[in-house]
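Nothing in this text is a laboratory measurement; each read-out follows from the coordinates by a stated rule. Keep in mind the model is a prediction, meaning the values are calculated, not measured. Using ideal geometry, Cβ is built from the backbone for each residue, glycine included, and neighbour counts are taken over all protein chains shown.
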């Protein structure tokens, strides 16, 4: 469902925290399956598992669930949050240091008013 805001912008209806977390978990699980398939069903070494893309774009997000870091911190190397309505990264920026494999954070086309020092 799409929402038209007072500023004329059209956005997807905001996903719930549960939907965001479910989507992140599904993408990580799918990445595990693809990597295991590529290795012919063998166990995937931990060193290989740390390259997952997690895309939460176009979800109408105005906030991020606090549990998101717990879901992505060991797996995700690229987190895409573009094309949402995020006014800030509260809840994420204070714990971003826990995402030891995160190399790319995509934030374009949001409503960010300031850029957290922890992210720069």
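Tabulated values for the structure
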{"item": "Whole-percent pair-distance distribution, where bins are 10 Å wide, for the alpha carbons of segment 50-120", "result": "21, 60, 19, 0"}
{"item": "Segment residue 16-residue 114, extension gain: residue separation times 0.36 nm, minus the distance between their alpha carbons", "result": "32.9 nm"}
{"item": "Residue list for segment 58-79, given a label point 7 angstrom along the Cα-to-Cβ vector of residue 29 and an amide N cut-off under 16 Å", "result": "71-72"}
